[in-house]
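Have a look at the structure below before the remarks.
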Amino acid sequence: LSTKTARIKAVMDEPEARGSASADVPGHDLSFQGVRFGYGDEEVLHGVSFVAREGEVTALVGPSGSGKSTCAQLAAKFWEPDSGRVLCSGKDIAEFSEESWLAHVSIVFQDVVLFDDTVANNIRIGREGASDEEVAEAARAAHCLERLPQGFDTVLGENGASLSGGERQRLSIARALLKDAPVVLLDEATASLDPENETLIQRAVGTLCAGKTVIVIA
């Protein structure tokens, strides 16, 4: 009981999101300006500044623990900087509502979250209301149906427990392809893929990223 109570208290102590404005931006250049961020007392980002321009790929490369994934999560507005700002087309994304900003962002992270539902519905999370053919096209581009016994109707189980790491990543890429958002965040997007399929997925990622603001972590 004490563990559950501590967890509830920790959640209640988290700061509330303060953004409420609509993410109405004319372009999608992302700019980090003197961003500092830490987990508890451990600062991970120490005044980071860079610009990720629309139509270009910006690569963040460095050793494990250097803050690359933290940059991507700040760009997605999962957290807000302790100091400094993240801007999109000159506007501070901290002022945007989470729902409004995330409509502009496609994410393929290492840790893929899947639901106890069909393959089709897991992909359709990328864009609610997408047609069956649009879902099928995204799945084909991401090569994510090769061994699933009932194709789009295959139920994945809790968090896709029956899938390999590569299959989970391919479903995540299919979601992002379907969403087709102008900002793309790729955190080790092909890390779990076998060599046989990696070239095909690289092509799908190339299609996903064309003309967009892309942050790639490697």
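The values are calculated or read from the model by the stated rules, or taken from the named source; none is laboratory data. This structure is a prediction, so every number in the text was calculated from the model and none was measured. We place every Cβ from the backbone using ideal geometry, glycine too, and count neighbours over all the protein chains shown. Note: accessible area is taken over every heavy atom of the protein model, side chains too, but ligands, DNA and RNA are not part of it. Shrake-Rupley method; radii C 1.70, N 1.55, O 1.52, S 1.80 Å.
Quick notes on this structure:
- Residue that is more than 28 Å from residue 24 (Cβ to Cβ) and either charged (D, E, K, R) or in a helix (DSSP H, G or I) (or both), where the choices are 138, 189, 204: 204
- In the range 87-103, residue most open to solvent (accessible area, probe 1.4 Å) [restricted to those that are hydrophobic (A, V, I, L, M, F, W, C) and closer than 19 Å to residue 14 by Cβ]: 102
- Options 7, 85, 36, 18; residue that is touching a His at 6+ places or on another chain (Cβ under 8 Å) and of a type in the set (Lys, Arg): 36
- Considering (1) open to solvent by 40 Å² or more (accessible area, probe 1.4 Å); (2) in contact with a strand residue (DSSP E or B) (Cβ under 9 Å, 6 or more places away or on another chain); (3) in a loop (DSSP other than H, G, I, E, B), the lone condition that residue 126 does not fulfil carries the number (1).
- Residue check for residue 106: buried (at least 22 other Cβ atoms within 10 Å of the Cβ) and touching a residue at least 12 places away in the same chain (Cβ under 8 Å): yes
- Assessment of the range 1-22 against the conditions (open to solvent by less than 30 Å² (accessible area, probe 1.4 Å), in contact (Cβ under 8 Å) with a residue 24 or more places away in the chain and either within 22 Å of residue 186 (Cα to Cα) or of a type in the set (Phe, Trp, Tyr) (or both)) yields no matching residue.
- Looking only at the range 206-218, and only at residues there that are touching a residue at least 40 places away in the same chain (Cβ under 8 Å) and open to solvent by 10 Å² or more (accessible area, probe 1.4 Å), the one that is farthest from residue 180 (Cα to Cα): 218
- Of residues in the range 157-169 being of a type outside the set (A, V, I, L, M, F, W, C) and at negative phi, the one modelled with the lowest pLDDT: 162
- Selection over the range 170-192 of residues that are open to solvent by 20 Å² or more (accessible area, probe 1.4 Å) and at pLDDT below 80 gives a count of 3.
- Where residue 70 falls short, out of the listed (1) farther than 20 Å from residue 188 by Cα; (2) surrounded by 19 or more Cβ atoms within 10 Å (Cβ to Cβ): (1)
- Residue that is nearest to residue 98 (Cα to Cα), among those in the range 49-67 that are in contact with a Gly (Cβ under 7 Å, 6 or more places away or on another chain) and surrounded by 13 or more Cβ atoms within 10 Å (Cβ to Cβ): 54
- Some residue of the range 74-86 being assigned to a helix (DSSP H, G or I) and closer than 19 Å to residue 212 by Cβ: yes
- Subset of the range 145-156 that is modelled with pLDDT under 75 and of a type outside the set (Asp, Glu) - its residue that is nearest to residue 205 (Cα to Cα): 145
- Residue in the range 129-149 that is surrounded by 19 or more Cβ atoms within 10 Å (Cβ to Cβ) and under 21 Å from residue 88 (Cβ atoms) present: no
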